[in-house]
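Chemist: Okay, here's the structure, questions in a sec.
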Amino acid sequence: MPGVKVNPVEIPRDFRLDLYRGFALWLIFLAHIPGTIFNRITPWNYGFSDPAEVFIFVSGYANAYVYGRVMEQRGFLAGAAQIVRRAFEAYVAQIFLFVILIGEVFWLAQGSPVLEHVANIHVVHERPEESILALIQLKFMPVNMNVLPLYVVVLAVSPAVVWLLRKKPALALALAATVYAAANWFGLNFPSFPGGYWYFNPLAWQFLFVLGAWCGLGAAGWVWPLVRSPLVLTFAAVYAVSVFVWFLPWNGLNLAAFVPEWGLYAFGKTNLGVLRLLHFLALAIVADRLVPRDWPPLAWRVLRPLILCGQHSLEVFCLGVTLAVAGQVAAIEAPGSAVIRFLVAASGIAVMVAVSALLSWYNSTRVSFRIVAEVVEPEASAARTKISTEPEGATPSKIKLAG
């Protein structure tokens, strides 16, 4: 069509983002399979932060890294439209995942209300109309479905965030930090259904998303030399190791029972406590040094499954939620068999990798179509004109084609 630009926006792929997202998705799934060896070696047993921080930060980085270039080459509206489309896809995925989860839980429960209470969907029986309305409003979040609404919200506001980061990065970071501080100081949060507030407070977690977006746009010229300086790297490594050593004696215990209530806000998950934030940033600084952009193992086959899952993060996340529910039931049904629980966790990972590989294959076989107007040859056009002017009822033998 006239005026449509068909030349693509060229964006070099950073496979580290896919690797980190795939790693976070695997850990999120394994965290919900109880009684396996994976639960003992997962990072949240040895530090404040967990894969949720990785997922949100990398999502902010990738969002700005990709759509920031679209805005630069195609304008703000083109980039914003792509971000809104992605947010809508995530919103639809939340609704679709809810329907699948309800059917799965009802089938696995076999009439028992225990699993429905564990999955936090028993209220659907009691107040179905309110439940559906709350789902549409992103207020109703069954078990394991509280990350995706956060992702939808931060994506929905990210067109303005990316635009402001490109124009006035200091102002954008100051606004994000102010909202984060207000959420923690005044306890601001979104209401949830049937009661309480969002488990991941968007007003607090948006700060991590904005930090990721800032890095995805290249940050400021002085940031990377400072982050990669020996002094900052040493402080980050010392903090990460200190937290690890401090967590060792508490592994397997309820840390919240030994900490004053006011201290829980420092590493609380709902409002992204400052200790959690600092712990993740320390790990990110160390990871940036250990895993550069041209890291040779990124091309190894052994890391290919993680990268594949990271390249299809939305689909794999939804799949992981449904597999986790089935895995929990299977693990509970076999409480004394560590082998069965291990096989359940390994099978779930294998399914996630297989589906991501299938999606990659579909993308590689995708066919592009271009709809164009039919071109009419001059001779054929004259022939059709001659035929159309013959008197009605003429036989084909009496029709002479021009030329």
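The values are calculated or read from the model by the stated rules, or taken from the named source; none is laboratory data. Quantities reported herein were computed from a predicted structural model and do not represent experimental measurements. Virtual Cβ from ideal backbone geometry, glycine too; neighbours counted across all protein chains shown. Keep in mind that these areas ignore ligands, DNA and RNA; they rest on the heavy atoms of the full protein, side chains included. Shrake-Rupley method; radii C 1.70, N 1.55, O 1.52, S 1.80 Å.
Chemist: Among what's in region 161-205 and is assigned to a loop (DSSP other than H, G, I, E, B) and either of a type in the set (S, T, N, Q) or in contact with a Cys (Cβ under 6 Å, 6 or more places away or on another chain) (or both), pick the residue that is least open to solvent (accessible area, probe 1.4 Å).
Modeler: The qualifying residue least open to solvent (accessible area, probe 1.4 Å) is Asn201.
Chemist: Can you list the helices (runs of 4 or more DSSP H) lying wholly within region 1-98 that have 1 or more residues being farther than 30 Å from Ile332 by Cα and of a type in the set (D, E, K, R)?
Modeler: The qualifying helices (runs of 4 or more DSSP H) are 15-31, 51-74.
Chemist: What are the residues in region 108-125 that are of a type outside the set (Val, Ile, Thr) and assigned to a helix (DSSP H, G or I), if any? Spell out the reasoning first.
Modeler: Looking only at region 108-125, we keep the residues that are of a type outside the set (Val, Ile, Thr), and these are 108-113, 115-117, 119-120, 122, 125.
Once the filter is applied, which keeps residues that are of a type outside the set (Val, Ile, Thr) and assigned to a helix (DSSP H, G or I), region 108-125 yields Leu108, Ala109, Pro113, Leu115, Glu116, His117, His125.
Listed here are the residues, each with its yes/no results for (1) open to solvent by less than 30 Å² (accessible area, probe 1.4 Å); (2) at negative phi; (3) more than 14 Å from the chain's Cα centre (by Cα).
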position	(1), (2), (3)
Phe15	no, yes, yes
Leu19	yes, yes, no
Phe23	no, yes, no
Ile28	no, yes, no
Ala31	no, yes, yes
Gly68	yes, yes, yes
Arg86	no, yes, no
Gln94	yes, yes, no
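Chemist: Within region 211-231, how many residues turn out to be open to solvent by less than 40 Å² (accessible area, probe 1.4 Å), part of a helix (DSSP H, G or I) and aliphatic (A, V, I, L, M)?
Modeler: Total meeting the criteria: 4.
Chemist: What residue, among those in region 97-129 that are touching a residue at least 24 places away in the same chain (Cβ under 8 Å) and over 18 Å from Phe193 (Cα atoms), is least open to solvent (accessible area, probe 1.4 Å)?
Modeler: Val105
Chemist: For region 39-58, give me each residue that is of a type in the set (A, V, I, L, M, F, W, C) and open to solvent by less than 50 Å² (accessible area, probe 1.4 Å).
Modeler: Phe48, Ala52, Val54, Phe55, Ile56, Phe57, Val58
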